[in-house]
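**Student:** Pasting in a structure now, in structure tokens, and then I'll have a few things to ask.
Where a number appears in this text, it was derived from the coordinates with a stated rule and is not lab data. Here the structure is a predicted model, which means the values were calculated and not measured. Backbone-built Cβ (ideal geometry, glycine too); neighbour counts: all protein chains shown.
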Amino acid sequence: MTGSFSVGRLDDLFDRGVITKSDVDEITIADIADLGEEGAQCVVQRFSEADFSRIKSVTGFLKGIIRRVRLDGPDRGESNMDSLPRAVRHSLEDLIEARKLEKREVDARMIRALQDLPERLAEEACTRFNDSVDSSVRSRQGFMMGIIKRLIEEDRYGRPPPSGYRRGGGGARTTSHTHVHDRK
């Protein structure tokens, strides 16, 4: 096995019968080990927090976590929501209070992603999350990161800001769209 990662980190899940050794192939174990100790710990931590009753392919689910850790890096400790703009911080606090998101799910990676967005888009990410998250979402953290990535793409390709979002600075935009409330 490569790296300092030990399969022993998964032993608790095996021992509890949550998953079986046949659920996780050797290539996936090697991929986890190749992330190094910090990355491997992050993968196993995220994996152990999953709702296994909703996972159809353990290896597929693990590979998704591995891919995200490779792309975004491992979680690096507690989040610091204080570094976010006040409105965004309050939106996250409201999501936590409403139990739509747990404080532990708001990690350093999510905070960095929200910090990298313009404030209006970070607020929109929280709004979209609030409006669309439900009990069928397996990873609320991953769901929020997906929303953030979609907003980045929408912003990059020049799509207009979300409808009804007219707060903040900047001039009014003119669009050729006909809004539902403008029709007679």
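**Student:** Kindly flag which residue pairs out of Lys56/Lys103; Lys63/Lys103; Lys100/Lys149 have an alpha-carbon separation exceeding 22 Å in this structure. Before the final figure, lay out each step's value.
**Tutor:** On the way: Lys56/Lys103 27 Å; Lys63/Lys103 25 Å; Lys100/Lys149 19 Å.
Violating the 22 Å limit, Cα to Cα: Lys56/Lys103; Lys63/Lys103.
**Student:** Between Arg150 and Asp72, what FRET efficiency comes out of the Förster formula 1/(1 + (r/R0)^6) with R0 = 22 Å and r the beta carbon distance, rounded to 0.05?
**Tutor:** 0.90
**Student:** Now a separate question. From the backbone phi of region 84-98, what are the Karplus-calculated ³J(HN,Hα) couplings (6.51 cos²θ - 1.76 cosθ + 1.60, θ = phi - 60°) in whole Hz, Gly and Pro given as x?
**Tutor:** 8, x, 3, 4, 5, 4, 5, 4, 5, 4, 5, 5, 5, 4, 7
**Student:** Going by average Cβ neighbours within 10 Å, how do the peptides 143-154, 39-50 rank, with the highest at the top? Mind dumping the intermediate values first?
**Tutor:** On the way: 143-154: 17.1, 39-50: 19.4.
Final packing ranking: 39-50, 143-154.
**Student:** May I ask you to list the residues of region 111-138 whose amide nitrogen lies under 18 Å from a point 7 Å from Cα along the Cα→beta-carbon direction of Glu49?
**Tutor:** Zone members listed by number: 111-115, 126, 129-130, 133-138.
**Student:** Classify region 12-60: rounded, prolate or oblate, from the alpha-carbon gyration tensor (a ≥ b ≥ c, eigenvalue square roots; a/c under 1.5 rounded; otherwise prolate if a/b is larger than b/c)? Present the calculation step by step, with values, prior to reporting the outcome.
**Tutor:** Numbers: a/c = 1.75, a/b = 1.43, b/c = 1.23.
In terms of gyration-tensor shape, prolate.
**Student:** Defining a contact as two alpha carbons under 8 Å apart and six or more residues distant in sequence, what relative contact order in percent does region 8-72 show? Write out the running numbers ahead of the final one.
**Tutor:** Values: 35 pairs, mean separation 24.3, N = 65.
Over region 8-72, the number comes to 37 percent.
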